[in-house]
Amino acid sequence: MQGKVSRSPQLSPRLDLFWIPLGAGTPVVRFSGRAYEALSALVQRRSRCDLYHSALIATTDDGPVVVEVAPIPDARGREERGVVTEGAVGFRWLRPLRIFRYEIRRWPNGVIPDLRYAVASPVLITDDPARVRRVMELLPSVPTPVWGRDELGAGEMWNSNSVISWALSKAGLESAAGSPPPHGRAPGWDAGLRVAARPG
C-alpha cells in the first residue's frame, strides 16, 4: 500500500518530519489550498507560496509510529489508527457529525497516503529515544480548537501544522524542524508555537 511505513527493526529510535504538499493526490484540497494562498498573498501583498502539510514518523523499538492529523473515515479510529483525540472542523456545533471532525493519530505501523509526495524530507528531529518518547506522550494533550479558525487567539487558524509544531515545541524540539521547503510555507505552524509557549 502506498504511504505505508515499513517496519525496520535494525533502525535506531528517531523522529522524522515530512513536508507534504497540501492536497497532494487530492485535487479538491489542492485547488482550495491554491485559492486560499492566492487570496492570502493578495491581502498581504506578497508573492504566492507553495503550501505544506506536516507529519511525523517516529521509529521506536516496537516499529514505526505515524503522527498525523486527518479527517475521520469511520468510528474505528482508536482501535485501528491509534487516535488519541479529536476536534471539530469549521464550527463547534457541527462536531456531532463525523465529517466535521478531525482526528490526531499516533498510529503504530500506520499509513500516510500522500507520503510519496513529500519534499525535502525526511528532516531528522531527534535520535534521542527519551525525546522521541516525550513527543509521543504529549500527543493526547494537544489542544483541539476548531480546525480552520483562531479560537485560541494565536494570530492564524489552527490546523494539522499547529498540532505538529505544538508537540515539537512542548518537547523543546521546534528548532530542529527548520523551515518548510524553499518558496513554501506551512499555515498554522506559528499558531502551534505560540500556544505551546503560553504558561500553564
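None of the figures in this text is laboratory data; all of them are computed from the coordinates on show. Fair warning: this is a prediction, and the values are worked out from it, not measured in the lab. All Cβ positions, even for glycine, are placed from backbone atoms using ideal geometry, and neighbour counts span all protein chains on display.
Structure values in brief
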{"item": "R0 of 30 Å, Cβ-Cβ distance Ala176-Arg78: FRET efficiency to nearest 0.05", "result": "0.55"}
{"item": "Net charge contributed by nearby residues that have their C-beta within less than 10 Å of Ala154 (K/R +1, D/E -1)", "result": "-2"}
{"item": "For Leu138, Leu17, order by how many other beta-carbon atoms lie within 10 Å, fewest first", "result": "Leu138, Leu17"}
{"item": "Whole-Hz couplings from phi, Karplus 6.51/-1.76/1.60, listed for region 155-161; x for Gly and Pro", "result": "x, 7, 5, 8, 7, 4, 5"}
